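Quick notes on the structure that follows.
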Amino acid sequence: MSSDKPIYFKGLNGIRAIASLLVVIWHTDRFVSLFGVIPKGFYNTGMASRAVDIFFVLSGFLITYLLFAEKEKTGTINFKKFYLRRVYRIWPIYYIITFLTLILMHFEIIPKVNYALESTVLYIFMLANVAYALKIAITSINPLWSIGVEEQFYLIWPHIIKRASNYLKVFIWFYLAVLIVKIVCFKLFSVKMPSLVSFFYHWRLNIMALGAMGAYLVFNKKKILSLVYRKEIQLLAWGILLYSCLVKPIHFYTIIDSEINSIFYLIIILNVATNSKTLISLENKVFNFIGQISYGIYIYHLTVIYVLVYLFKGVGINYFLVHILTLLITIVVAKLSYRYIEIPFLKIKKKFAVVESSNVKQ
C-alpha cells in the first residue's frame, strides 16, 4: 500500500455486509412472533451471535493494523486522537438510538421494561454488555451489548500496542488469559453467579485479539500467510461459514464455540482483504453500499422491527413480508443516518487521523 494514500483493505465492506445481514435476518426470525407469525426457528442455531463474532474479528484486525501503522510512522500512539476517533465514529448513533428508544418506550411504541432507570444508566455509560449480562437490557437495543465490549477493548488495546515489543506473544497471552477466565467462570459459577458467567461469555475481547493476530501477520508479511492463502484452507473456511448459515454453526463446547468459529472468520477476512488470489472477492457495489452503512443496519434493525409491530398491530402479515419490510426499512434508515449523521462526524474524525484509512477505494 502506498504511504501517501489512505490504508484500504478490499472486501472488508463485503465482510461487514455479510455480518450485518446475518444479524438482521436471524433476529427477524426470532422476533417475527411479535407479529403473530410462526417463526421458522433458525434463529435458535445461534448464527446471529456468530455474525457478531465476525464483527469482533474484523474490528480487532483493522484497529490493530492502523495502530501498527501509526506506531511505525510516529514511534508512538497518540491516545487522545485515538479515543476521539472512536468517539466520533461510535458515539453519535449509539446515543441517538438509546435516547430514541427511551422516547418510544414513553409512548409505549416499544414495551416498557423493568429496571428502566438502572438499564438507562448502564447504556449511558456504554455498559450495555453489563445490562445484557444482568438481564435488564432493553430488548430493542440488545445489539448494543457488543458496542460495550468493543469500547472496553479500545480502552486497553492502544496501551498494549504502545508498550509491547513482542506483539504476537502478548496477543496470544491476552487471548488465553481471557479464555481461561471465561472457562473458570463457566465451570465454577454457572449456578451461583449466572450473570457473571454471561458477562464473561459475551466479553469477547480475545476474539478481537484474534483479529489482532491477523493484523500482525499481514503488517509483518509473515510466511504463515502462504498457508492461510491456500485454496483448500479458503474452501474450508467458506464451507464452514456456509454450513453455519444453512444448518448451524459448528459446535464443540459452548464456552469456546466463538473461539473456534472465529478462526475460520479470520481466515476469510485475511484472504478477502489481503490475498490477491482470493477465491471469493467481496469487492462490488452492492457489498460496498451495505458495508458502508452496516453500523447503522446493526444499530437500528431491532427498533425497526418493534416500530413495525406497533404499526401492524391487529393486521395480518406474512412471514416473508416481515423480513422484506424489516430489511428494506432498516437499509433506508441506515442510509439516511449515514448520510446526515455519520458522515458529518466522520469528517470531524478524519481531522484526528494520524494514519489515514478509508472504507472506499481511492
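The values are calculated or read from the model by the stated rules, or taken from the named source; none is laboratory data. Everything numeric in this text was worked out from a predicted model, so none of it was measured. As a convention, Cβ positions derive from the backbone with ideal geometry for all residues, glycine included, and neighbour counts pool all protein chains shown.
Quick notes
- Among the candidates Ile269, Ile329, Ile293, Ile317, the residue that is under 17 Å from Pro143 (Cβ atoms) and either modelled with pLDDT under 95 or buried (at least 20 other Cβ atoms within 10 Å of the Cβ) (or both) is uniquely Ile293.
- Restricting the first member to the stretch 318-336 and to residues that are more than 27 Å from Ile38 (Cβ to Cβ), and the second to residues that are of a type outside the set (Phe, Trp, Tyr), the beta-carbon pairs closer than 6 Å and six or more apart or on different chains are Ala334/Ile293; Ala334/Gly296; Ala334/Ile297; Lys335/Ile293.
- Of the helices (runs of 4 or more DSSP H) that lie entirely inside the stretch 100-166, those containing 2 or more residues that are of a type in the set (Gly, Ala, Ser), within 25 Å of the chain's Cα centre (by Cα) and crowded, with 18+ Cβ neighbours inside 10 Å span 128-133, 144-163.
- Hits in the stretch 226-266 (condition: touching a Ser or Thr at 6+ places or on another chain (Cβ under 9 Å) and surrounded by fewer than 12 Cβ atoms within 10 Å (Cβ to Cβ)): Val247
- Pairs, first in contact (Cβ under 8 Å) with a residue 60 or more places away in the chain and farther than 18 Å from Glu72 by Cα in the stretch 163-189, second of a type in the set (Asp, Glu) and surrounded by 14 or more Cβ atoms within 10 Å (Cβ to Cβ), C-beta under 8 Å, six or more apart: Leu179/Glu259
- Sole exception among (1) assigned to a helix (DSSP H, G or I); (2) more than 18 Å from the chain's Cα centre (by Cα); (3) of a type outside the set (D, E, K, R); (4) farther than 30 Å from Lys285 by Cβ for Ile38, by number: (1)
- Candidate set from the stretch 199-224 (those that are more than 14 Å from Phe171 (Cα to Cα) and of a type in the set (D, E, K, R)); member that is surrounded by the most Cβ atoms within 10 Å (Cβ to Cβ): Lys222
- Scanning the stretch 57-82 for residues that are more than 22 Å from the chain's Cα centre (by Cα), of a type in the set (S, T, N, Q) and either in a helix (DSSP H, G or I) or crowded, with 21+ Cβ neighbours inside 10 Å (or both) gives a single hit, Thr74.
- Here the condition is being hydrophobic (A, V, I, L, M, F, W, C), in a helix (DSSP H, G or I) and under 21 Å from Thr64 (Cβ atoms); of Leu241, Leu235, Leu282, Leu266, it holds for Leu266 alone.
- Condition met for Ile25 (among the aliphatic types (A, V, I, L, M), farther than 30 Å from Leu168 by Cα, touching a residue at least 40 places away in the same chain (Cβ under 8 Å) and outside any helix (DSSP H, G or I)): no
- Taken together, the residues in the stretch 162-203 that are closer than 20 Å to Phe55 by Cβ and of a type in the set (A, V, I, L, M) amount to 2.
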